[in-house]
1. State which residue pairs qualify: first residue among the charged types (D, E, K, R) and inside the range 181-207, second residue part of a strand (DSSP E or B) in any location, beta carbons under 9 Å apart, and separation of 6 or more residues or different chains.
2. Let me spell it out: the conditions are (1) of a type in the set (A, V, I, L, M, F, W, C); (2) over 21 Å from residue 340 (Cα atoms); (3) under 22 Å from the mean Cα position of the chain (by Cα); (4) open to solvent by less than 30 Å² (accessible area, probe 1.4 Å), and residue 58 meets all of them except one. Which number is the exception?
3. Is it fair to say residue 24 is hydroxyl-bearing (Ser, Thr, Tyr), crowded, with 21+ Cβ neighbours inside 10 Å and out of contact with any helix residue (DSSP H, G or I) (no Cβ under 6 Å at 6 or more places or on another chain)?
4. Taking helices (runs of 4 or more DSSP H) that do not extend beyond the range 282-388, which have at least 2 residues that are open to solvent by less than 10 Å² (accessible area, probe 1.4 Å), small (Gly, Ala, Ser) and at pLDDT 95 or above?
5. Just for the range 176-214: of the residues that are touching a strand residue (DSSP E or B) at 6+ places or on another chain (Cβ under 8 Å) and among the charged types (D, E, K, R), which one is nearest to residue 117 (Cα to Cα)?
6. Given the structure, is residue 273 open to solvent by less than 20 Å² (accessible area, probe 1.4 Å) and closer than 18 Å to residue 149 by Cβ?
7. Filtering the range 216-261 down to residues that are under 30 Å from residue 288 (Cα atoms) and in contact with an Asp or Glu (Cβ under 8 Å, 6 or more places away or on another chain), which residue is surrounded by the fewest Cβ atoms within 10 Å (Cβ to Cβ)?
8. What are the pairs, 6+ residues apart or on separate chains, where a residue within the range 80-98 that is farther than 16 Å from residue 218 by Cα has its Cβ under 9 Å from a residue that is open to solvent by 10 Å² or more (accessible area, probe 1.4 Å) and of a type in the set (Val, Ile, Thr)?
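The values are calculated or read from the model by the stated rules, or taken from the named source; none is laboratory data. All values reported here derive from a predicted model rather than from experimental measurement. Positions of Cβ are backbone-derived with ideal geometry, glycine not excepted, and every protein chain shown enters the neighbour counts. Quick note on the areas: whole protein, heavy atoms, side chains included, nothing else; ligands and nucleic acids left out. Shrake-Rupley method; radii C 1.70, N 1.55, O 1.52, S 1.80 Å.
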Amino acid sequence: MSKEPVAVVGIGQTKHVAARRDVSIAGLVREAARRALDDAELRWADIDAVVIGKAPDFFEGVMMPELYLADALGAVGKPMLRVHTAGSVGGSTALVAANLVAARVHSTVLTLAFEKQSESNAMWGLSLPIPFQQPLLAGAGGFFAPHIRAYMRRSGAPETIGALVAYKDRRNALKNPYAHLHEHDITLDRVMASPMLWDPIRYSETCPSSDGACAMILTDRSGAARAPRPPAWMLGGAMRSEPTLFAGKDFVSPQAGQDCAADVYRQAGITDPRREIDGAEIYVPFSWYEPMWLENLGFAGEGEGWKLTEAGVTELDGDLPVNMSGGVLSTNPIGASGMIRFAEAALQVRGQAGEHQVDGARRVLGHAYGGGSQFFSMWLVGAEPPDS
């Protein structure tokens, strides 16, 4: 029996900010879920199951928060699943929900991811001691900076590439009302002059700490037929993982990321992603990861990703727009960051991305990664169903 086509009929986000002190975690997630329901013109009673995800529980210090969030999400008496795959969790949460629809277990599923970083200290939460190593890390940037340096040595990329990415994404964020950082006075010189945090990562080349939530309503073909607006259709979706450390691991271009992208493209019938995909929302918490992931995802050859960035290909009006919403560099509620990438891809093919809409977008990639470049989740969504 073939899989049931999966459609995105509702999308909701909170306004992402440094601290949402006006709401509890329950209030935050309900706000995003309510907006997704309103977008789909559905009620809580129309939802068959809820799939929720977030980053590690010690970020907020509330263990297994899904148990007390059931009431806020209309999940009392309904199946509710929790997903966790580090930073990629927002993407993998959406894929678990999509698989429930594709397998015809449920017809309509609410999927949601969140983080309330103001109630935690994620930088030090991510600075866990590693056995047999010097305690030199300070947040995720301390872990990833050496891998960025390795990419720069391999590719010969000039040191300005990271600043170009940050400048682009922060300008894109100005067109997105939900983005956390709205830096109206942003200039390339200002990015270049920002303090160096983890060489070669500057302050303006790193992601913020955000409070926020993102929700989507996923449904089957019959649910899509009743939707008030054109849906986004999942053309392919996949997850892959690999250990944090192993002999021969390539931190610059992890095999799990390559394999995950290849599976998504195979499902969607994509043979030339650079030409057949109209845009990509890629998980870029530090600016240099744009060119690195462009290569890992097959949009550019090895050592060539930075050339796309430098040539303006990834600009909003370029041949392959990347992070049209402003990306993780502008909004980072960690548990939700991957789902925002998936949701923003869906907004593009639905034609609902507002000022950061890519004209004529028909196929857009959503991408998330987490851990030590070890967990990957991706989907490709389109304006037409997969069998059309």
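1. 202/196; 205/197; 205/286
2. Unmet for residue 58, out of (1) of a type in the set (A, V, I, L, M, F, W, C); (2) over 21 Å from residue 340 (Cα atoms); (3) under 22 Å from the mean Cα position of the chain (by Cα); (4) open to solvent by less than 30 Å² (accessible area, probe 1.4 Å): (4).
3. For residue 24, the condition - hydroxyl-bearing (Ser, Thr, Tyr), crowded, with 21+ Cβ neighbours inside 10 Å and out of contact with any helix residue (DSSP H, G or I) (no Cβ under 6 Å at 6 or more places or on another chain) - is not met.
4. Details: elements: 289-296, 305-310, 334-350.
The helices (runs of 4 or more DSSP H) meeting that bar are 334-350.
5. Once the filter is applied, the top-ranked residue is 211.
6. No; evaluated as a whole, the condition is false for this residue.
7. From the range 216-261, those under 30 Å from residue 288 (Cα atoms) are 216, 232, 234-261; that's our starting set.
Okay, now just the ones that are also in contact with an Asp or Glu (Cβ under 8 Å, 6 or more places away or on another chain), so 236, 238, 240, 249, 253-256.
Numbers: 236: 21, 238: 21, 240: 22, 249: 16, 253: 18, 254: 23, 255: 14, 256: 19.
Top of the filtered list is 255.
8. 83/96; 86/334; 87/334; 89/83; 89/334
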